[in-house]
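Worksheet: the structure to be examined is printed underneath.
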Amino acid sequence: MASNSAKSAPKKEAEELNFFKNASALFEKAADHLTLEAGVRTVMKTPDREVTVAIPVVRDNGKLDVFTGYRVQHSFVRGPAKGGIRYDRHVNLDEVRALAALMTWKCAVVDIPFGGAKGGVVCDPRELSQRELEAITRRYTSSILDVIGPDRDVPAPDVGTNEQTMAWLMDTYAMHVRSASTAVVTGKPIALGGSRGRTEATGRGVMLVTREALKRHKMATKGQRIVVQGSGNVGGIGARLLMEAGHKILSISDMYGAIYDKKGLDMVDVLAYLSKHKKLTGYPKAEALSHEEALELECDVLVPAAIENQITLSNVDRIKTKLIVEGANGPTTPQAHKRLEERGIPSVPDILSNAGGVTVSYFEWVQDRQQYFWSEEEVNRRLEEVLVRSFHDVVDTAQTHKTDYRTAAFILAIGRVVSVYRMRGIFA
Ligand code: GLU
């Protein structure tokens with residue numbers, strides 16, 4: 001993967017990789033289409049609340065360390081704020097801000113009744129023991145306790161967190177409010193009120209949106225050669241589901257490198273290897289590739305499903321695909337996006353193609369509030385309904401505004417949030 005740290009890059013490149021600026025540029029472009037006035041633009045861009053907390057934790061070696069945590073609540077206009085919590089060394093306030101705004105637009109694109117938020121803790125979860133991770137999670141949760149809750153802000157997993165993290169978060173909240181309150185967080189284990197199908201939901205969404213995009217571009221819905229970047233919850237599961245849908249997964253990567261088989265990887269076998277060895281390195285039935293080589297393979301569909309800023313001006317002209325489906329949040333810089341459009345390579349944007357996760361998070365929240373749980377078939381059927389409808393909403397918006405899918409998704413989302421904002425009026 002290209003580094004997501006802008007520190008060592010020359011000025012122009014650093015500028016291109018500024019995720020917060022990039023998210024703002026996307027917003028402005030869509031706001032121009034909607035001819036939004038300056039005041040409303042400012043309201044829409046300004047996060048409602050930002051919390052920074054210090055998280056002191058006694059490490060396993062007895063040393064006391066202080067970690068930094070953030071929760072940015074971008075918007076409550078359409079409902080409680082919603083969005084994941086990221087544990088990563090590169091987490092910073094600007095990144096969390098950008099991701100929180102993306103959550104607002106993502107929830108609006110798929111028309112679920114939430115605003116947007118994001119959280120993060122600056123840490124490397126791979127270097128922490130389970131006990132240390134639990135201590136970080138509990139202290140972080142208790143520090144943001146006053147601003148979260150089933151009707152306020154509902155966290156979920158993101159990069160570096162999982163259902164165990166969500167179980168600790170839920171328990172910490174429950175201990176404080178003296179009630180089980182399962183709807184405070186989504187992406188929980190099923191036994192704690194999690195939803196069937198939630199773990200697979202983001203990857204399933206990637207598969208469904210890929211199918212719709214292939215149909216739309218008159219490409220066969222089977223037998224496409226697909227390259228996937230990232231092998232976590234989005235990339236790994238997405239690749240398996242795409243393989244099961246009849247496609248050929250040419251390559252998949254993790255943070256250490258990529259593997260390649262021109263005949264197509266057996267994703268069940270690859271994921272079993274990954275869960276045993278914790279990395280793809282050494283997988284015996286495929287060729288090893290660097291991240292750059294994998295991303296630049298000739299293929300029909302490219303699915304960047306790792307982290308932001310992977311397709312940039314420095315590699316975009318070497319990308320050889322017919323279609324991009326973004327599994328990660330912000331994997332393509334606006335400059336690279338422009339080049340892709342000039343080259344006639346359409347991208348299905350993150351806020352649509354990875355919205356399967358938050359959609360099933362919404363289903364989880366609904367089920368928790370009703371204490372009535374749906375079958376996996378029911379969850380998957382409703383997910384498909386939401387994503388197929390949303391895909392076509394974006395396509396229709398793109399046609400009306402004569403623009404690309406990314407700009408269209410932002411136009412649709414921002415338009416929905418602004419119309420509710422105007423109806424509610426300003427409380428003073
Ligand atoms: N972290 C996921 C995302 O970026 C899921 C958020 C959620 O379910 O609230 O969409």
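The values are calculated or read from the model by the stated rules, or taken from the named source; none is laboratory data. Here the structure is a predicted model, which means the values were calculated and not measured. In this analysis, Cβ positions are derived from the backbone assuming ideal geometry, glycine residues included, and neighbour counts consider all displayed protein chains. For the accessible areas, the whole protein counts, side chains as well, though only heavy atoms, and no ligand, DNA or RNA atoms are used. Shrake-Rupley method; radii C 1.70, N 1.55, O 1.52, S 1.80 Å.
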Legend entry - Top-ranked residue in region 299-325 [being without any contact (Cβ under 8 Å) to a residue 40 or more places away in the chain and more than 16 Å from Leu17 (Cβ to Cβ); ranked as nearest to the chain's Cα centre (by Cα)]: Ile324
Inset, instruction - Determine whether region 43-62 contains at least one residue that is among the β-branched types (Val, Ile, Thr) and free of Cβ contacts under 8 Å to residues at least 12 places away in the same chain. - result: yes
Inset, instruction - Evaluate region 222-233: report whether one residue or more is part of a loop (DSSP other than H, G, I, E, B), exposed (fewer than 14 other Cβ atoms within 10 Å of the Cβ) and touching a His at 6+ places or on another chain (Cβ under 9 Å). - result: yes
Inset, instruction - Kindly state which helices (runs of 4 or more DSSP H) lie completely within region 330-428 and contain at least 2 residues that are among the charged types (D, E, K, R). - result: 334-342, 356-370, 376-401, 405-424
Inset, instruction - With the condition kept exactly as written, say whether any residue in region 166-180 is of a type outside the set (D, E, K, R), within 21 Å of Pro113 (Cβ to Cβ) and in contact with an Asp or Glu (Cβ under 6 Å, 6 or more places away or on another chain). - result: no
Legend entry - Subset of region 102-136 (residues that are out of contact with any Cys (no Cβ under 9 Å at 6 or more places or on another chain), small (Gly, Ala, Ser) and within 15 Å of the ligand (Cβ to nearest atom)): Ala108, Ala117, Gly119, Gly120
Legend entry - Matching residues, region 369-384, being over 20 Å from the mean Cα position of the chain (by Cα) and closer than 23 Å to Leu208 by Cβ: Phe373, Trp374, Ser375, Glu376, Glu377, Glu378, Arg381
Inset, instruction - Evaluate the following for Met207: is it open to solvent by 10 Å² or more (accessible area, probe 1.4 Å), away from the ligand (no atom under 13 Å from the Cβ), without any contact (Cβ under 8 Å) to a residue 24 or more places away in the chain and of a type in the set (A, V, I, L, M)? - result: no
Legend entry - Any chance Leu99 is away from the ligand (no atom under 15 Å from the Cβ), closer than 27 Å to Thr42 by Cβ and in contact (Cβ under 8 Å) with a residue 24 or more places away in the chain: no
Inset, instruction - Being open to solvent by 50 Å² or more (accessible area, probe 1.4 Å) and touching a strand residue (DSSP E or B) at 6+ places or on another chain (Cβ under 8 Å) is the filter; apply it to region 144-176 and report the residue that is farthest from Gly357 (Cα to Cα). - result: Arg152
Legend entry - Which listed residue, of Val66, Val43, Val58, Val51, is touching a Leu at 6+ places or on another chain (Cβ under 6 Å) and surrounded by fewer than 22 Cβ atoms within 10 Å (Cβ to Cβ): Val58
Inset, instruction - Mind listing whichever residues of region 256-274 are of a type in the set (Ser, Thr, Tyr) and open to solvent by 80 Å² or more (accessible area, probe 1.4 Å)? - result: Tyr256
Inset, instruction - Mind listing just one residue for me: the one in region 60-86 that is touching a helix residue (DSSP H, G or I) at 6+ places or on another chain (Cβ under 8 Å), in a loop (DSSP other than H, G, I, E, B) and of a type outside the set (D, E, K, R) and, of those, farthest from the ligand (Cβ to nearest atom)? - result: Val77
Legend entry - Single residue of Leu280, Leu241 found to be touching a Phe, Trp or Tyr at 6+ places or on another chain (Cβ under 8 Å), modelled with pLDDT of 95 or more and buried (at least 16 other Cβ atoms within 10 Å of the Cβ): Leu280
Inset, instruction - For region 126-136, state whether one or more residues are at pLDDT 95 or above and crowded, with 24+ Cβ neighbours inside 10 Å. - result: no
Legend entry - Residue tally, condition in contact (Cβ under 8 Å) with a residue 40 or more places away in the chain, aliphatic (A, V, I, L, M) and within 19 Å of Arg152 (Cα to Cα), over region 342-370: 2
Inset, instruction - Determine the pairs where a residue that is on the phi < 0 side of the Ramachandran plot, located within region 150-163, has a partner that is within 7 Å of the ligand (Cβ to nearest atom) and open to solvent by 30 Å² or more (accessible area, probe 1.4 Å) with Cβ atoms under 9 Å apart, the partner being 6 or more residues away or on another chain. - result: Glu163/Pro157
